[in-house]
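Just below is one structure, and these are the notes that go with it.
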Amino acid sequence: MCEVVVLPVARKPLWFRFFDSMVPAGFPSPADDHQALRLDLNRLLLPHPDSSYLVRVMGESMSGGESGIRDGALLAVDCHLQAQHDDVVIAVVEGGFTVKRLLRRGDTWFLVPDNPSYPEVRIGGEFDMIDVWGVVTHVVTETRRGRLATRVRVS
């Protein structure tokens, strides 16, 4: 299973320049306006300050799927949201945190990894103690390995 580490978060606004124009993943197009706006990442990633957290993922059980969650990624988690079918969630299984996709098949709920090499967990099955703790709303990952791990520290 993936392991999850909860990180402390500064709740002050974290302003970044934001260019409100689409960046094509195909062929480049002439740029529109390059007027920079201000974007508060805390407001975007952690909209409910008293129930939103950042966590770091350790493990490969969510890699390779549509969630884009790799080992070392930061996840924005909102505990205010009610988890629904197909949400990626942080769950507590037998006292340990894990990140999995919540799926409903008929009347039965499952915690399913995106990586098919790992087993799914039937809620109410072999594990008695399962609690969905929060819904993952954003994934922050790096394209150049190593910098995120050195810059974000667990205190």
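Of the residues making up region 94-109, those that are modelled with pLDDT of 90 or more and crowded, with 16+ Cβ neighbours inside 10 Å are 98, 99, 100, 101, 102, 109.
Residue by residue through region 56-71, note down the ones that are in a loop (DSSP other than H, G, I, E, B) and in contact with a Leu (Cβ under 8 Å, 6 or more places away or on another chain). Correct list: 69 only. Taken across region 50-65, residues that are closer than 14 Å to residue 138 by Cα, in contact (Cβ under 8 Å) with a residue 60 or more places away in the chain and among the aromatic types (Phe, Trp, Tyr) do occur, with at least one present.
Does residue 136 satisfy the condition of being at pLDDT 90 or above and assigned to a strand (DSSP E or B)? Judged against the criteria, residue 136 is a match.
The values are calculated or read from the model by the stated rules, or taken from the named source; none is laboratory data. None of the values given here were measured: they were computed from a predicted structure. Cβ atoms come from the backbone with ideal geometry, glycine included; neighbour counts cover every protein chain shown.
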